[in-house]
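Presented below is the structure to which this report refers.
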Amino acid sequence: MSFKYAGRFNSFVFKNATVYDAIDSYRNMKGITHLEFNYPEHFTGYDIDEIIRRKGHLGVNGLAVRWRGADFKPGDFTNENPETRARVIAMCHEAVDVCRKLDGSVVTLWLENDGFDYPFQMDYARGWHQIIDGIREVADYAAGSSGKKEIKISIEYKPYEERNFAMVDSTGMTMYLISEIDRKNVGCTLDFCHMLMKHDNPSFGIALAAEKGKLFGLHMNDGYGWQDSGMIFGSVNPVLAMEFIYYLRLYNYDGVVFFDTFPIREDPFKETQANIDAFEKINALVDKIGMDEIAKVIRSKDGVKVSGLMLDMLK
Ligand SMILES: [Mn+2]
């Protein structure tokens, strides 16, 4: 099984590279197959036809919507200003249009501002339904019809940051929301660090989402769990990373593996390549042990056998 990979534009852009420069870097990187943009951030001041020309052989996975600016701070889908809330939804529709133009597949929604900080600050049921209704509207716009490609709408949860509490804060809550929205093109993107922050077991999360056919995307990285560390995949929790890849293969994950990492002090080209290399290496370790052998150990539920499996992998 070979995986498809994409890197984070801002790893380059935050170091004064342009989006065009970053595309050139990705084109020359071993293993990158797709591009993954933020909307509108990576299109403002850029020509979409030039982006298409530059990307060469690379595919486009999709776009993540970013609602930035003071108007959105009180909420995205839960914003009580009707004009701002309409703008939140309109930006999702625009992202779907651009995604179609680039022949992408997925628009990712991280509900950055849909949360609360204070007690008595959120009417929880009202907010919950605002999110359901808003995402339904986006999903219906993105549904395939009259020759238009269906675009998947993928919800990425994060337990906290920017708000102290996010409305959609865990794998379980995300799956519940997906079920309430009840649209076939709505699923989720799971971010490894966000799962660690919630003390959600990453592999449990992908199993829950994948067995329902709702695993639309991955944000791979690593960290210690108390913040969104954005470190290189497998660098802190290699065994959790191995387990994760085992489950991706068990469910034949065919989406893109996007590395959502923050090379603040590292060279972004080398750091992205290091993520791909780590993913490939850990994938090869899963092969070395074998899917059947790993399944046997899982069925034994024996901690000592698990420890032996880990030592075999490290041999
Ligand atoms: Mn992410």
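In table form, for the structure just shown:
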{"read-out": "Largest to smallest principal axis extent of the C-alpha atoms in segment 86-200, angstrom", "value": "47, 29, 22"}
{"read-out": "Nearest-ten-degree value, helix 268-289 long axis tilted from longest Cα axis of the chain", "value": "50 degrees"}
{"read-out": "Partners for K212 among aspartates and glutamates (Cα-Cα distance below 15 Å; same-chain residues under 8 apart left out)", "value": "E180, D182, D254"}
{"read-out": "Charge dipole magnitude, Cβ of K and R +1, D and E -1 - segment 53-174, Cα centre, debye nearest 20", "value": "740 debye"}
{"read-out": "Contour minus Cα-Cα distance for R68 and Y160 (0.36 nm per residue)", "value": "31.4 nm"}
{"read-out": "Charge-dipole axis of the chain as Lys and Arg at +1 and Asp and Glu at -1 on Cβ define it, positive-most pick from G45, G134, I178", "value": "I178"}
{"read-out": "Whole-Å semi-axes of segment 1-152's equivalent ellipsoid (Cα gyration tensor)", "value": "31, 18, 14"}
{"read-out": "Long-range HN-HN contacts of T108 with modeled amide H, under 5 Å", "value": "L63, A64, V65, S154"}
{"read-out": "Cβ-Cβ FRET estimate between K15 and K101, R0 fixed at 25 Å, reported to 0.05", "value": "0.35"}
{"read-out": "Computed [θ] at 222 nm, helices only, for the chain once each DSSP H run of length n ≥ 4 contributes -39500 (n - 2.57)", "value": "-14500 deg cm²/dmol"}
{"read-out": "Neighbour-limited loop hits for trypsin sites (Lys or Arg not before Pro), segment 187-283 (at most 14 other Cβ within 10 Å; DSSP other than H, G, I, E, B)", "value": "K212, R265"}
{"read-out": "Too-long pairs where the Cα-Cα distance tops 25 Å, listed order kept, from K4/K281; K15/K270; K55/K281; K214/K270; K270/K305", "value": "K55/K281; K214/K270; K270/K305"}
{"read-out": "In range of the label at R126: residues from segment 44-79 whose backbone nitrogen is under 13 Å from the point 7 Å along Cα→Cβ", "value": "78-79"}
{"read-out": "Listed residues V96, L58, T84: farthest to the positive end of the dipole of segment 50-97 (Cβ charges)", "value": "L58"}
{"read-out": "Added length on full extension, which subtracts the Cα-Cα distance from 0.36 nm per residue, Q227 to I298", "value": "22.6 nm"}
{"read-out": "Relative contact order (%) - criterion: Cα under 8 Å, at least six apart; region: segment 4-281", "value": "17 percent"}
{"read-out": "For the chain, with +1 on Lys and Arg beta carbons and -1 on Asp and Glu, the positive-most of P74, Y251, G115 along the dipole", "value": "Y251"}
{"read-out": "Förster radius 25 Å - calculated FRET efficiency between D182 and E211 (Cβ-Cβ, nearest 0.05)", "value": "0.90"}
{"read-out": "10 Å-binned pair-distance histogram of segment 123-256 (Cα, whole percent)", "value": "12, 41, 33, 13, 1"}
{"read-out": "Exposure proxy order (Cβ contacts within 10 Å, fewest to most) of H93, H194", "value": "H93, H194"}
{"read-out": "Dipole magnitude of the chain about its Cα centre (Cβ charges: Lys, Arg +1; Asp, Glu -1), debye to nearest 20", "value": "780 debye"}
{"read-out": "Compactness of the chain as Cα Rg over 2.2 N^0.38 Å, two decimals", "value": "0.99"}
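Values quoted throughout were computed directly from the atomic coordinates according to the rules given, and no laboratory measurement underlies them. It should be emphasised that the depicted structure is a prediction, and the values quoted were computed from it without experimental measurement. With ideal geometry, Cβ positions are generated from the backbone for all residues, glycine too; neighbour counts draw on all protein chains shown.
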